[in-house]
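To start, the structure under review is shown below, and the notes come after it.
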Amino acid sequence: MPVVFGSPHVAKVHQYAALLNGTRASPLHGDCKNPVGIEYRAGQDEALHRLKRWSEDETLDIAPGYGLVGDWLPSFRTSASLTVRCRKCGPCLKQRAKVWATRGQIELVASRRSWFGTLTLSPESRFIARLKADAAVSNSARWNDLDDTEQFKEIAKVIRREFQLFLKRVRKQSGARFRYLCTTEAHKDGFPHVHLLLHEVSETRVTKRLLEKQWQLGISHWRLVNNHDHKVPWYVAKYLTKSILAKPVASLRYGRPPLEALTETIGDAALGRSPAPENNPPSWLKSGAVHA
Ligand SMILES: [Zn+2]
């Protein structure tokens with residue numbers, strides 16, 4: 001049983017998943033095939049305070065002062081035992097895609113306008129990316145000793161770095177404020193390519209020409225998307241269902257409401273005091289961020 005010390009992050013992530021599920025919060029593992037038990041410990045922590053309110057549920061075990069595995073904890077600390085998703089099985093990958101698609105929908109509606117892009121690498125760029133990946137691992141391993149998965153991971157790292165540089169250039173050239181969600185997907189030949197949603201927050205300064213020009217490793221395709229088309233984020237998120245290797249990269253707090261609003265909603269929903277969020281959107285969703 002992995003033990004998570006005092007990290008509010010973990011509990012908040014699970015709260016968020018439960019919110020998106022529209023379920024009670026206790027079956028935090030949802031439809032996962034291999035649920036994992038964790039122990040969550042914290043002091044005076046808002047997330048844990050909320051968890052305490054769910055303690056009437058027998059699947060959630062809360063113990064003040066003492067760790068559930070029998071360790072002593074100072075009395076101001078509390079621990080909770082949760083069963084959570086493995087994040088690796090088929091249903092977990094689907095859930096991950098759902099979470100990111102929902103975040104995408106929230107960002108899409110909130111932004112001024114959004115671009116959908118697909119970025120690929122030319123044969124020369126692939127060659128160079130492979131060399132860079134090879135150089136990066138050369139201290140610890142020989143490239144040819146790595147299996148396909150490990151090679152893919154290393155190459156994907158190089159491409160993500162190039163992608164960050166691309167964003168930097170677009171930001172500098174356009175002066176635009178934008179937010180983004182991108183996923184790297186494995187090609188049939190094992191080489192990743194990138195799918196991207198780029199949201200212009202306030203002014204519309206980014207142009208197709210600029211985007212094409214600044215992706216310098218190969219060809220990129222861009223189009224503007226309809227802010228109210230809730231299928232659009234799935235163009236990016238669907239790759240997350242295919243493989244654990246398809247990683248999402250996004251702006252800080254992408255698609256997430258303020259935490260206070262979140263814990264409020266989740267607390268009530270968990271106690272069955274209000275209908276599931278789907279039927280009765282919380283206030284932060286009502287204010288312009290509801291999908292049509
Ligand atoms: Zn799972």
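Points to keep in mind about this one:
- Test result for V194, in contact with a Leu (Cβ under 6 Å, 6 or more places away or on another chain), assigned to a helix (DSSP H, G or I) and either open to solvent by less than 20 Å² (accessible area, probe 1.4 Å) or polar (S, T, N, Q) (or both): no
- Contact annotation: residue pairs with Cβ atoms under 6 Å, 6 or more positions apart or on different chains, pairing a residue in region 203-215 that is without any contact (Cβ under 8 Å) to a residue 12 or more places away in the chain with a partner that is surrounded by 14 or more Cβ atoms within 10 Å (Cβ to Cβ) and not acidic (D, E), are E212/S220.
- Filter pass, E278 being in a helix (DSSP H, G or I), open to solvent by 70 Å² or more (accessible area, probe 1.4 Å) and modelled with pLDDT under 95: no
- Condition broken by T204, with the remaining ones in (1) open to solvent by less than 80 Å² (accessible area, probe 1.4 Å); (2) within 24 Å of the chain's Cα centre (by Cα); (3) over 17 Å from L245 (Cβ atoms) satisfied: (2)
- Considering region 127-173, the residues that are open to solvent by 100 Å² or more (accessible area, probe 1.4 Å) and among the polar types (S, T, N, Q) include one that is nearest to W215 (Cα to Cα), namely Q173.
- Residue match in region 182-193 (condition: in contact with a His (Cβ under 6 Å, 6 or more places away or on another chain) and hydrophobic (A, V, I, L, M, F, W, C)): no
- Where strands (runs of 3 or more DSSP E) sit wholly within region 47-151, those with at least 2 residues that are within 23 Å of R161 (Cα to Cα) and at pLDDT 90 or above occupy 113-119.
- Considering region 206-231, and only residues there that are among the β-branched types (V, I, T) and touching a helix residue (DSSP H, G or I) at 6+ places or on another chain (Cβ under 6 Å), the residue that is nearest to I128 (Cα to Cα) turns out to be V206.
The values are calculated or read from the model by the stated rules, or taken from the named source; none is laboratory data. Source: prediction; values computed, not measured. With ideal geometry, Cβ positions are generated from the backbone for all residues, glycine too; neighbour counts draw on all protein chains shown. Each accessible area value is taken on the protein alone, full model and side chains, heavy atoms only, with ligands, DNA and RNA left out. Shrake-Rupley method; radii C 1.70, N 1.55, O 1.52, S 1.80 Å.
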